[in-house]
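Since the structure comes first, as structure tokens, the remarks are kept for the end.
Taken together, the values in this text are just the output of simple stated rules run on the coordinates, not laboratory data. Source: prediction; values computed, not measured. Heads up, the Cβs are rebuilt from the backbone with ideal geometry, glycines too, and the neighbour counts pull from every protein chain shown.
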Amino acid sequence: MEKRGKDKSEQQLSDRMHDLQVDGPRGRGRGRGKAFGRDQRGPPGNDDRPGPRDQRGQRFSRNDHRGNDREDRREDRRPPSSSQEQRPQQTNGPPPGMKAPSSAPSFWGPKKDEQTIGQQKSDATPPPPGFTRPASSPANKQQQQQQIASTTRSDLNPATSRGGQSQSQGQQQQQQQQQRQQQQLSVTSIDAKKMPEKEKNRLLDLIPVRKNPNKAGTLGRKIRVRTNMMEITFNKNFKLNATHYDIKFDPDKPKFLKRLAFNAMRQCNFPNNWPAFDGRANVYSAGDLPFGHSITSEVEVIVDNESQERRNVKVTLTKANVIDISWFKNIAPGMKEHEKNFSSMQVLDVVLRCASYDRAIMVGRSFYQRPNNPVDLGTGMELWTGLFQSAVLGWKPYFNVDVAHKSFPKPQPVLQAIKDVCSTYRDPCNTVTADVIERNIDKINSYLRMLKVTYQLPNKPTTKRTVGINGLDKPPAKAIFKMANGQETDVLTYFSGAKNYKIKYPDLPLLWVGSRTKNPHILVPLELCTIASGNVTNRKLDEQQTSAMIKQAATPPAIRENKIMEAFNNMNFNTNKTMQEFGINVSGKFTEVDARVLEAPGLHDEKPIRVNKGVWNANKFYKTPNIPDKSWTILNLSRVDERVLMEFVNELKRNSNGMQIGEPDKPFKSLQLRGNDLRPLIGYLQDMKQRGLKLIVVVIPSRMADVYPKVKQVAELKVGILTQCIKDFTIERKMNKMTAGNILLKLNSKLNGINHIFAPADKPDCLKTPCMFIGADVTHPSPDATDIPSIAAVAASFDPTAFKYNVTIKLQPPRQEVISDLTEIIYNQLSRFMEMNKQRKPDKIIYYRDGVSEGQFPQIMHYELTAIRNACVKIGLPEKYEPKITFLVVQKRHHIRLFPTDKRNSDDRAGNVQAGTIVDTQITHPSHIDFYLVSHASIQGTAKPTKYRCLWDDNDMTEDQIEKLTYYLCHMFSRCTRSVSYPAPTYYAHLAAFRARALTHNVHIKLNDLPSEQRNKLTLCQDFHSNNPMFFV
């Protein structure tokens, strides 16, 4: 339950986790050879050509083409033509099942002539990448439908339409299904498509830049803040060029062997040089190393400290390129994108990591060391603290440092780990038995698989080995194998005889370790194994582990600042010999930058609202629906007493905020969901819908996580009735005025009410004409999930108050970031907008895209901006319709933090910056419209700003207009009476994506036929969705 006074009301646990853990597995898998404990998986890719590579071993372009025909590109912003995406024949009327409203709000004034508007935009607005205007408009409705049906996007779907031919309805449906399948197959590799370097640079050159390179926005009160960005300086010994070498190892597995072999080769061949090795395939030196073009050396390394096993490794270094890094000293505001060199940034990043490699375990861009007293997270996991580090290009080079948190498996006996895994909140496991293991076998194998364990016979240190786990096997007496002499024996007898050790737990399964291909399998007793320290996993934490991690990681700014400096000082960067050889230093102190505090907007519900420190007190809602008697009821899926439920009803009525809440239908129904049998729930909800009830409040158990998704799947996919789930713990122990108010915020929104609007004096300029705000997000499965699709969610406003939103959720291939069906999605959102506004189309579209990294900007611009334009062309036919589009990327996955330099610029006891604090200079992009905004008042921990980048702007908005609008939209979130950390449209897309996760919870999705799975398993009941567009809040 979301509370106004809690930070959770504006920040989901899943959002918070990136602040605590970093992405990217270390990749220390189990051994696959004869020797125990060796990771023998090779690096990704096998490209042996010379040239710089990234941290995954993938190749960078050796030459920088960014300057080619730059002036020509600026003069002609129109790209080569592309056709539009295919769509079944449709008209501009309301979608099936939706009724056209009798009237629409009059906030936007009289309707303008659509053709005139379209013509003006056509003349004034250059098309975005990939957009091509139609050659002509059809003269009648039949031609219009044929053109819509025959319009395709050639880059996503090579199939063409036969829309002009006469077909039966069945043939048309079959053809449409085949086309959707072809489209799905064609987009499975959108993210993996290699965009030519020249095209990438052309698109990047189209990104808007600041009008004045040396300044940005001006609105707000000016202040100074500290940020965890340290200046990178270059001394008199700074090398202007770095020499890049390709490095090869034979053998090249396991991965940890590479660094050992490289260090041994350096010591033997060039001991006075300290080049930077990235751990994969690249070496960067400050000038040429003292040999010719290439050198091959065979070195001996110790691959197992326990057995002192040694291995000879052949190492070959080949000169690949000379990289200019002199431009780092000349970085200044206004620097163009084509003037940057990505290979140079790679060199700088690898050099700065050299100080950390030998001191800690690297995971992604963070380095972790086991603390003296690690925090126990439960279920066999513990919390480690580390240092995140990254070279960042602002108005000068900076070193971004931050404290990082990650869970690691506890180094403890395997038997104790099994106890932890099998324990629950109500039923701790004190003894490991065969029955306990059998009941929890999947959970245990999931935890143990891929971990390293240390095996050793008691009092025999020479038997110590570190091995990888494959899983549990048979008990010792049943595990039979042939010995070297051909005699068969079982493991129980073998250990008693050959090892002189009596297994203590003969009924427990053995642990299968070592190579998976070795026959017979290597089986060892559980009691002789201990989980090794430093195992890196990317498994999703459960709710209790997540809560425990947040509690430890959410520290006030002063404590976080101290932790960052402590972790930074432990690495001794400036004493590192590689950095000294390159002539690179890190200042070692946080950078002070200019900032401003923006004024919050005025809001209005029944009365004018004044926002104070990011929070406001609600009056009666601006617009409220009535809940008549007997039109709602309570379904009790827990064991909450009837009297408690009636107290809950009375609390809602006392704090109704203007809602007319009638008497609920009684008696309240009690059900107990057992397993996967949902027939009682389906039958009950169908009965309530047939009786005309509009709302079911469902009380669910607090500690049964699968009940919520079951309720939503039945209510929204099968029956089509509105539900509001509330945990039993909330009703029994936390029900008060504040909790009731939070529930009512959701109910009023779900029932098509309006909680609050912008005050007329503070209404954003873009809302003075028809304007649609769109938020888009893609949620991906956890890193260890291989058979779960990604889910795209798009939320779009459809009323003049910018309070109401309609959402669309779509399945797409796993981990694909580009939204593949965006043309269809935007077309449907525009249809909804027109339906609710007397067929008036939006003059402006403001698109907030969440979750896109900087390296994906060209692809997102190419595919998604084109898709939006194509949808506009379709919806506008036969007339020209080209609304002005502003495209903004919202980024939360970064490590920038802001700290006030003056306590007067903080509103909380923790010492965070104030809500509305914005930084748009110095640490931002040298030329792009780029800013960090803390739009919320933090309740716990250190406030995390959200980063915004403008990728396209037909509306020609100033920096102040973009920043002000973005901050204002952070006050329009329906679920709480406080500003949130990013704009409402993006937040709604995020909520919709996670609702889709609930709707597909424990539902098998066939990845090879996602269009069919979308129709059959993730299609909302039509009348439910059209009547309750805000069902997801």
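Annotation for segment 716-812: trypsin sites (Lys or Arg not before Pro) lying in DSSP loop with at most 14 further Cβ atoms inside 10 Å of their Cβ are Lys734. Classification of segment 402-469 by its C-alpha gyration tensor yields an oblate form. The axis ratio a/c (a ≥ b ≥ c) is 1.5 or more, and b/c is at least a/b. Listed by chain and number, the lysines whose alpha-carbon sits under 19 Å from that of Lys198, ignoring those within fewer than 8 places in the same chain, are Lys336, Lys340.
Based on the alpha carbons, how large is the Rg to Rh ratio for segment 937-994 when Rh follows Kirkwood? Expressed as Rg/Rh, it is 1.00. If you plug the beta carbon distance of Ile682 and Arg703 into 1/(1 + (r/R0)^6) with R0 = 25 Å, you get a FRET efficiency near 0.55.
Placing dummy labels 7 Å off each Cα toward the beta-carbon, the span from Asp324 to Lys737 is 6.8 nm. For Lys410, give me every one of the lysines with a C-alpha distance below 20 angstrom, ignoring sequence neighbours fewer than eight places off in its own chain. In chain and number order, the partners are Lys419, Lys443, Lys452, Lys464, Lys540, Lys551.
Put a dot 7 Å past the Cα of Gln1022, heading toward its Cβ, do the same for Glu592, and the two dots end up 6.5 nm apart. Here the alpha carbons of segment 734-859 define both size measures, Rg and Dmax, at 17.5, 51 Å.
Using 0.36 nm times the number of residues separating Gln856 and Thr575, minus their current alpha carbon distance, what extension gain do you get?
Residue separation times 0.36 nm, minus the Cα-Cα distance, leaves 97.6 nm.
The reciprocal of the average 1/r between distinct C-alpha atoms defines the Kirkwood hydrodynamic radius, which for segment 893-936 equals 11.6 Å.
Amide H to amide H, with H built 1.01 Å from N, Leu951 comes under 5 Å of Phe887, Leu888, Val889, counting only residues 5 or more places away or on other chains. Provide, for q = 0.11, 0.13, 0.18 Å⁻¹, the log10 of I(q)/I(0) from a solvent-free Debye sum over equal Cα point scatterers in segment 430-560. Ignoring solvent entirely, the Cα scatterers give -0.50, -0.65, -1.09. Spread over its residues, the convex hull of the C-alpha atoms of segment 685-768 is 160 Å³ per residue.
How long are the three semi-axes of the equivalent ellipsoid of segment 535-673, in whole Å, if each is the root of 5 times an eigenvalue of the C-alpha gyration tensor, listed from largest down? Walk me through the numbers on the way to the answer.
Values: eigenvalues 578, 151, 27 Å².
Whole-Å semi-axes of the equivalent ellipsoid: 54, 27, 12.
A DSSP coil position with no more than 15 other Cβ atoms inside 10 Å describes the following GluC sites (Glu not before Pro) in segment 561-646: Glu599, Glu606.
Take the Cβ atoms of Arg674 and Leu219, set R0 to 41 Å, and the FRET efficiency comes out at 0.10.
Derived scalar couplings between HN and Hα for segment 960-971 equal 4, 5, 5, 5, 5, 4, 4, 5, 4, 5, 6, 9 Hz in order, rounded to whole Hz, by the Karplus curve 6.51 cos²θ - 1.76 cosθ + 1.60 (θ = phi - 60°), x for Gly and Pro. Across all directions, the average flat footprint of the convex hull enclosing the Cα atoms of segment 624-740 is 7.0 nm².
In the structure shown, the pairs Lys613/Lys884; Lys613/Lys944; Lys838/Lys874; Lys666/Lys727; Lys239/Lys892; Lys768/Lys838 are assessed against 23 Å; a Cα-Cα span above that value is assigned to Lys613/Lys884; Lys239/Lys892. FRET efficiency for the Ala477 to Glu438 pair, using the beta carbon distance and R₀ = 25 Å, is estimated at 0.95.
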